[in-house]
Amino acid sequence: MDLIERLDAIERDALASLGGTLDADALERWRLAVLGRRGSLAEAMKGVAVLAPSDRPRAGERANAAKQSLEAAYFSCLSSVKASARAHALEAERIDVTLPARARPTGSLHPVTMIRREVEQAFARLGFTSVEGPEVEWDHYNFTLLNIPPDHPARDTQDSFYVQGGTGEGGEMLLRTQTSPVQIRTMLAHKPPIRIIAPGRTYRNEATDASHEAMFTQVEGLCIDKNVTLADLRGTLTVVARALFGPHSEIRFRCGYFPFVEPGAEIDMTCHLCHGSGCRVCKRTGWIELGGAGMVHPRVLANVGIDPDEYSGWAFGCGLERFAMLRYGIEDIRLFYENDVRFLQQFA
Ligand code: DAH
């Protein structure tokens, strides 16, 4: 067979075997076998060089024509392979944009945070600013300036978490056992009139049970001005109790002792469940204990440079977990900080 016939045959067979190839791997194998450096066309072209000089031009032309037609066939097949691969991918990765979106689980505020915000809003309507103080405090602010003498049992390491090596100008360092030091910080920094509440975390080194946690939240209140009386405190607490627990709430004071107030009182609120007739929650008394309060001790005012002959004021302190327990019917304070989602989800 002469070279021209061989080239005709290579072209014909190659075009025939290419027909219908839509697979990238098969196409690549075809390219190597036909157009590759050791492919059938290259092999045949070697034959051109050994022809008699007079036969070479015709055979060369035929070889180039075969090469061009095979390359053109190859590129056209390549573009169909690519187009079909793309169509395939588009089909496989199809997204149904009409499907409903997957719901994302959302978190919710912690019950103590919700109560804290309600308390802050109720006091804000009465003109009280909410302020914060540090949770790591000097005993000077947590105790001494609040008229709690150095030998007072509350300072005992049984009750307070002291910070090791934390000694400085304010005495010893500890985790605050109450929010009352924020009263001191506020009065040192501002002149009366003062109307603040101070919510925040407090810490006590004590055994935990259904109503005691080593970490808990208090809200402190402080009002200092000329001619402030206990009646103002009772009116303020009544308005706030009604905002939180309903319009039937009443406040009463019982005698109580706290070193930083004189007179001091325990605050009671009528039971929001039985409205005073007696039930399980108020232990049949009709009253619920909310916290402590009183008229700021003249010595405390003097300690922070406020003249007790010119100014008077009241203060109170309540536990926020207790408010949340009453509001949501929670019977164990330890539930708040166990981070059990089954508990927390109920407030979403
Ligand atoms: N700090 C007190 C406590 O933790 C609560 C308290 C009582 C705060 C009377 C006051 C107050 O401001 O006047 O037990």
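The values are calculated or read from the model by the stated rules, or taken from the named source; none is laboratory data. The model shown is predicted, which means the values in this text are computed figures rather than measured ones. Don't worry about glycine lacking a Cβ; one is built from the backbone with ideal geometry, like all the others, and counts go over all protein chains shown. To get the accessible areas, we keep the full protein, side chains included, count just its heavy atoms, and leave off ligands, DNA and RNA. Shrake-Rupley method; radii C 1.70, N 1.55, O 1.52, S 1.80 Å.
Quick grid of which residues meet (1) of a type in the set (Gly, Ala, Ser); (2) more than 32 Å from the chain's Cα centre (by Cα):
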{"position": "Ala66", "(1), (2)": "yes, yes"}
{"position": "Arg86", "(1), (2)": "no, yes"}
{"position": "Ala89", "(1), (2)": "yes, yes"}
{"position": "Arg102", "(1), (2)": "no, no"}
{"position": "Gly107", "(1), (2)": "yes, no"}
{"position": "Val112", "(1), (2)": "no, no"}
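Residues in region 238-274 that are touching a residue at least 40 places away in the same chain (Cβ under 8 Å), within 15 Å of the ligand (Cβ to nearest atom) and surrounded by fewer than 19 Cβ atoms within 10 Å (Cβ to Cβ): Phe253, Pro259.
May I ask you to say which residue of Ser69, Ser79 is part of a helix (DSSP H, G or I) and loosely packed, with under 12 Cβ neighbours inside 10 Å? Lay out the reasoning, then the answer.
Working: Ser69 fails: loosely packed, with under 12 Cβ neighbours inside 10 Å.
Result of the check over Ser69, Ser79: Ser79.
Within region 284-303, being within 14 Å of the ligand (Cβ to nearest atom), in contact with a helix residue (DSSP H, G or I) (Cβ under 9 Å, 6 or more places away or on another chain) and outside any strand (DSSP E or B) holds for His297, Val300, Leu301.
Taken over region 112-126, the residue count meeting the criterion of being touching a Leu at 6+ places or on another chain (Cβ under 6 Å) and loosely packed, with under 15 Cβ neighbours inside 10 Å is 0. Do we find that Cys318 is within 35 Å of the chain's Cα centre (by Cα) and either within 14 Å of the ligand (Cβ to nearest atom) or assigned to a loop (DSSP other than H, G, I, E, B) (or both) in this structure? Spelling it out, Cys318 is indeed within 35 Å of the chain's Cα centre (by Cα) and either within 14 Å of the ligand (Cβ to nearest atom) or assigned to a loop (DSSP other than H, G, I, E, B) (or both).
Applying the criterion of at least 1 residues that are open to solvent by 10 Å² or more (accessible area, probe 1.4 Å) and within 14 Å of the ligand (Cβ to nearest atom) to the strands (runs of 3 or more DSSP E) found wholly in region 136-237 leaves 171-175, 194-203, 215-225. Checking each residue in region 36-64 for being surrounded by 10 or more Cβ atoms within 10 Å (Cβ to Cβ) and aliphatic (A, V, I, L, M) picks out Leu41, Ala42, Ala44, Met45, Val48, Leu51, Ala59, Ala63. Tallying residues that are touching a Ser or Thr at 6+ places or on another chain (Cβ under 8 Å) and either part of a loop (DSSP other than H, G, I, E, B) or of a type in the set (S, T, N, Q) (or both) within region 91-121 yields 0.
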